[in-house]
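Single-structure report; data block below.
The values are calculated or read from the model by the stated rules, or taken from the named source; none is laboratory data. All values reported here derive from a predicted model rather than from experimental measurement. Reconstructed Cβ throughout: ideal geometry from the backbone, glycine too, with neighbour counts over all protein chains shown. Side chains are part of the model used for accessible areas, which takes the heavy atoms of the whole protein and leaves out ligands, DNA and RNA. Shrake-Rupley method; radii C 1.70, N 1.55, O 1.52, S 1.80 Å.
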Amino acid sequence: MKVAIFSESPADEAAVRRLVDGVLGAPTSVQDLPRLRARGWGGLAGSLVMVVKDLHYQTDADALAVVADANHKPLHKDSHEPHENSDCRLCKLRALIERAQSELSPVPGRVPLRTAVGIAAPALEAWYLCGKKSVSEALWASGLESSREPYTKKQLKLWAYETERPSLERERERA
């Protein structure tokens, strides 16, 4: 299966690749993305429609996995109507993907691109620390509601990388 990974950084994409391979139970082949993207949330959200269209028309990719950090934005709830909460990053990314897919024309011999979206709360480093520290989405959500963070993104980086400012190489190694 040929899978494109789109995230906020190359280190995040390396980690998500391993996660996708684990979930699917087999190594996936890499589908490169267009080079016209910036990094961070703004670059991810701003480029997602173009990425979906490029993958549909210009590649033979089977799927796209998109992962972003929640940061301090509201976490998704099952009670959200589709895209009800415009601050919810999961809703926002799903809406962008749906918009892009609604604008696509069929390509003979191709099935629609499969997509998966994940939001790490508050950051992908929390996923790395699962079972190793007192880090969880439930704890983060409780902290958001009470306006008292149980930990900071800097603490997560320190716990995950043993430094608050890891190099890209260190991030990839730990991922």
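Quick check: is even one residue across the range 99-114 more than 20 Å from Gln58 (Cβ to Cβ) and of a type outside the set (Ser, Thr, Tyr)? For the range 99-114, residues more than 20 Å from Gln58 (Cβ to Cβ) and of a type outside the set (Ser, Thr, Tyr): absent.
The single condition among (1) free of Cβ contacts under 8 Å to residues at least 60 places away in the same chain; (2) surrounded by fewer than 12 Cβ atoms within 10 Å (Cβ to Cβ); (3) closer than 27 Å to Leu55 by Cβ that Lys92 does not satisfy is (2).
Does Leu139 fit the bill of being open to solvent by less than 80 Å² (accessible area, probe 1.4 Å), over 20 Å from Val20 (Cβ atoms) and under 17 Å from the mean Cα position of the chain (by Cα)? No, not satisfied. Against the criterion of being in contact with a helix residue (DSSP H, G or I) (Cβ under 8 Å, 6 or more places away or on another chain), under 20 Å from Asn71 (Cα atoms) and among the aliphatic types (A, V, I, L, M), Val107 does not qualify. A residue that is in contact with a Leu (Cβ under 6 Å, 6 or more places away or on another chain), of a type outside the set (Lys, Arg) and either buried (at least 17 other Cβ atoms within 10 Å of the Cβ) or part of a helix (DSSP H, G or I) (or both) occurs nowhere in the range 25-47. Scanning the range 64-73 for residues being modelled with pLDDT under 95 and either farther than 14 Å from Pro122 by Cα or open to solvent by 40 Å² or more (accessible area, probe 1.4 Å) (or both) gives a total of 2. Selection of first residues in the range 2-29 that are charged (D, E, K, R) and of second residues that are in a helix (DSSP H, G or I), restricted to Cβ pairs under 9 Å at least 6 apart or on distinct chains, gives the following pairs, ordered by first then second residue: Glu8/Gly40; Glu8/Trp41; Glu8/Gly43; Glu8/Leu44; Glu8/Leu124; Asp12/Leu124; Asp12/Glu171.
Counting the residues of the range 48-79 that are outside any helix (DSSP H, G or I), farther than 11 Å from Ser7 by Cα and in contact (Cβ under 8 Å) with a residue 12 or more places away in the chain gives 12. Note on the range 22-41: residues that are closer than 22 Å to Gln58 by Cα and at pLDDT 80 or above amount to 6. Checking each residue in the range 142-170 for being open to solvent by less than 30 Å² (accessible area, probe 1.4 Å) and either of a type in the set (A, V, I, L, M, F, W, C) or not in a loop (DSSP other than H, G, I, E, B) (or both) picks out Gly143, Leu156, Ala160, Tyr161. There is no residue in the range 113-126 that is open to solvent by 50 Å² or more (accessible area, probe 1.4 Å) and not in a strand (DSSP E or B).
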